[in-house]
Amino acid sequence: MNAYIRQVLDDLKARFPWESEFIQAAEEVLESIEPLIEAEPKYKSQRILERIIEPERTIMFKVPWMDDKGDFHINRGYRVQFNSAIGPYKGGLRFHPKVQLSTLKFLGFEQTFKNALTGLPMGGGKGGSDFDPNGKSDNEIMRFCQSFMTELCKHVGPDTDVPAGDIGVGGREVGYLFGQYKRIRNEWSGVLTGKGLNFGGSLIRPEATGFGAIYFAEEMLKVKKDNLTGKLVSASGFGNVAWGACIKATQLGAKVVTISGPDGYIHDPDGIGTQEKWNYLEQMLIIDRNKVETYVKKFPSAMFHAGKKPWGVKVDIAMPCAIQNELDGDDAKALIANGVKIVVETSNMGCTPEAWKLFIEKKIPFGPGKAANAGGVATSGLEMSQNSMRLNWSAKEVDDRLHEIMINIHRAAWDAAKQYGFEGNYVIGANIVGFKKVADAMISQGLV
């Protein structure tokens, strides 16, 4: 490894040894851009690596709220504003009991390069709270969101930082957050994306991450002179991302046969490919976001496998859609043994390093999350554009723009990998493209 990169990573580990997820994300990016660092000495002379791994601002605050019984609770709120070189900070808010600073730093870091890949003027950020929305009433969710936004509103705005939804933050939560921002700031602005269609939201936004990942998979197959027709797909999770993937995969001729939750996974040989099934996926999140087993009660021809992950099912395409590090080395070996053709990382850092490096070693095309799952934030960027222009685009117009963005991301990653002598390695290609755009903007703006 390049000595400069090694020194930066060693210093990072020495300063934050407990931030394992952030260190993992930094290692992936910095190791993969070695060809660029070797070819362009300006990045070392300008100390870009040291600057780019440091968030521009980290905000932490308490979030007091009252439950329906009148009891008081205190949670912790965060916003990591990682990099604004190419646009206002942009990234989701995650409400989950396991949220901690390391998680949000890794997500904000990844978001910086993902947003750069879209070609839209968006910087990188991430935020959230260790609040668990599962099992809470609508009024409890509202009170928490209002308390959270009472502090967050001091740090966000349409030209400063534009949060969105993420795990635990859907349309309901975004609505409550937006309402409180508007109430306090006395302004209607595009401060959040993922809004409802009746107050500035964009068509296709809930489906966008899954749609975009399927479009990226389609481009990966085209390189192999193949297509999606008849392909079997395994997806994990059962939220918006997996839901969108099920819809678009079906539209393009593929069949998604698995979804999963914390309790296990569902194998539906008939495919999750009807409107009735897609509608039920949305209901499942309301019934209990920790249980996927309810699917077989509605569709008894499917099978539930308790406590297991879906990666042992024989498929052509694997799409981890749930959470970081959900697909490990053993899972990768099972997929390879079953003849998987491509792997599309649809969650953020969904594969462990052991897993994705094994796919690359075995010549299995692997689409990293910052490229493959960029459709969600790309469509958030399109929502920002519609809000700024006070316009609403049709579903077809948004979908067509999303499709074009994903084709361009694939092409850019493929071309960069080929240029630096690593043809077919999307990890190297995507990281070089995203890093170069952000780093060059930082250099142009001086030491700030």
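Quick notes on this one:
- Positive-end residue of L327, I259, G273, charge dipole of segment 208-364 with Cβ unit charges: G273
- Residues M406, M1, M142, sorted so that the one with the fewest Cβ neighbours within 10 Å comes first: M1, M142, M406
- Segment 55-188: Lys pairs at Cα distance under 13 angstrom, eight or more positions apart or on different chains: 6
- Per-residue ³J(HN,Hα) for segment 121-126, Karplus 6.51 cos²θ - 1.76 cosθ + 1.60, θ = phi - 60°, Hz, x for Gly and Pro: x, 9, x, x, x, 7
- Candidate aspartates and glutamates - alpha carbon under 16 Å from K195, same-chain residues fewer than 8 apart omitted: D161, D166, E173, E187, E207, E383
- Looking at the chain, the DSSP beta bridges with both ends there are about 60 percent antiparallel.
- Taking the alpha carbon gyration tensor of segment 55-188, multiplying each eigenvalue by 5 and rooting it gives semi-axes of 25, 16, 12 Å, largest first.
- 10 Å-binned pair-distance histogram of segment 346-448 (Cα, whole percent): 14, 35, 32, 17, 2
- Segment 149-222 - convex hull of alpha carbons, volume per residue in Å³: 105 Å³
- Qualifying GluC sites (Glu not before Pro) in segment 165-258, DSSP loop, other Cβ atoms within 10 Å at most 16: E187
- Derived scalar couplings between HN and Hα for segment 431-437 equal 5, 5, 5, x, 4, 4, 5 Hz in order, rounded to whole Hz, by the Karplus curve 6.51 cos²θ - 1.76 cosθ + 1.60 (θ = phi - 60°), x for Gly and Pro.
- Under the Debye formula (equal points on every Cα, no solvent term), log10 I(q)/I(0) of the chain at q = 0.07, 0.12 Å⁻¹: -0.32, -1.00
Read-outs throughout are calculated quantities, based only on the coordinates presented, and are distinct from any laboratory measurement. Note that the structure is a prediction, hence the values are computed from the model and not measured. Positions of Cβ are generated from backbone atoms using ideal geometry, with glycine treated the same way; all protein chains shown enter the neighbour counts.
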